[in-house]
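Down below is the structure, laid out as structure tokens.
Values quoted throughout were computed directly from the atomic coordinates according to the rules given, and no laboratory measurement underlies them. If you're wondering where the values come from, they're calculated on a predicted model, not measured in any experiment.
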Amino acid sequence: MQGTPGCELVPELDRSKLDFVLDKGQDPRVEMYSAFGPPFRSPKVCMSGLEDRLKAADITDLFIVGLAWGFCVKYTAIDAAREGFRTYVIEEATKAGDHREQARAASRKEMQDAGVHVIGLDSKELDMVRPR
């Protein structure tokens, strides 16, 4: 929840490696599972500006991780793919709220149907971001 210690970045995170931090869900009128914006797109209400920022930086590939697999991860990844980014979800770097394999599989299929690549930590796609 915004404004509580639970939403703070962990102290172990090397903040010198961050370009920016996106705070989502700032408008109490709408849910915002996706980092790109709420599900209402017509009209566009309280979009985060993430798409413009990424495109201005010539970013083409996104690796999505985090909480929760069937909500924030899924909707962020689907929105990223719809906006034209090559989008990867690193399955071992996510956590599901619903731990049933049936729910996890349904979310995986929904992402894949939207053009999202669900990959593992040993995936060759991660070679482009691994330290050399």
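List of remarks:
- With distances taken between every two different alpha-carbon atoms, region 1-66 has a Kirkwood hydrodynamic radius of 13.8 Å.
- D (Stokes-Einstein, µm²/s), Kirkwood Cα radius, the chain, 0.890 mPa s at 25 °C: 154 µm²/s
- Build a GNM of the chain with springs between Cα atoms under 10 Å apart, and of Ser48, Ser34, Ser16 the one that fluctuates most is Ser16.
- Beta bridge orientation in the chain: antiparallel %, DSSP, nearest 5: 10 percent
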